[in-house]
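What follows is one structure encoded as structure tokens, with my remarks underneath.
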Amino acid sequence: MKGKQSRFEVNKEVRRALVRNNVDMTKLSYSCAGRNLRISGSLLKDDGRDFTAMSIEKLVEDIGKSGLYIISELDNWNITDGSVSKIGGDKEKEKKKAQGQKKTEGSSGGGQSQAS
């Protein structure tokens, strides 16, 4: 950032970076105060798909050029000091778990049973 910018200008610059990186702005909230950028909600692509960690690192780098420190309160990603990690496990684990529950619910006798 060049010189001292107003809060409005900083928010506008952040919005441009988010849009440039194809972020779904309907799922994300952000606010700048001083040199801090607080983001919350879900960080998804504008087509509904999830980002890769590498894509988010690029986004963080893009926003970092503005000299802002990111405070992440995201539902699906953890961003701390340049480190990025997915929250909630991988989709494959969730898919296997769901398939296991279907088998359990659909089996009659001789299969696994669920405790109530």
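Using 0.36 nm per residue and subtracting the Cα-Cα separation, the extra length available between Ser42 and Asn78 on full extension is 11.9 nm. Placing unit charges on each Cβ (+1 for Lys and Arg, -1 for Asp and Glu) gives the range 7-88 a dipole about its Cα centre, and among Leu43, Ile63, Trp77 the Cα reaching farthest toward its positive end belongs to Ile63.
Per-residue Cβ neighbour counts within 10 Å put Leu59, Leu74 in the sequence Leu74, Leu59, beginning with the fewest. Pairs spanning more than 27 Å between alpha-carbon atoms, out of Lys27/Lys58; Lys4/Lys27; Lys4/Lys86: Lys4/Lys27; Lys4/Lys86. Using only side-chain charges placed at the Cβ, +1 for Lys and Arg and -1 for Asp and Glu, the dipole size of the range 1-47 relative to its Cα centre rounds to 280 debye.
A simple spin-label model places the labels of Asp50 and Tyr69 2.9 nm from each other, with each point 7 Å out along Cα-to-Cβ. Within the range 2-38, list the residues whose amide N lies under 16 Å from a label point set 7 Å along Cα→Cβ of Asp62. Counting backbone N atoms under 16 Å from the label point, the list is 11-30. The fewest-to-most ranking of Val23, Val60 by surrounding Cβ atoms within 10 Å reads Val60, Val23.
Rule-based calculations on the coordinates, nothing more; no lab input. All values derive from a computational prediction rather than experimental measurement. Note: ideal-geometry Cβ built from the backbone for every residue, glycine included; neighbour counts use all protein chains shown.
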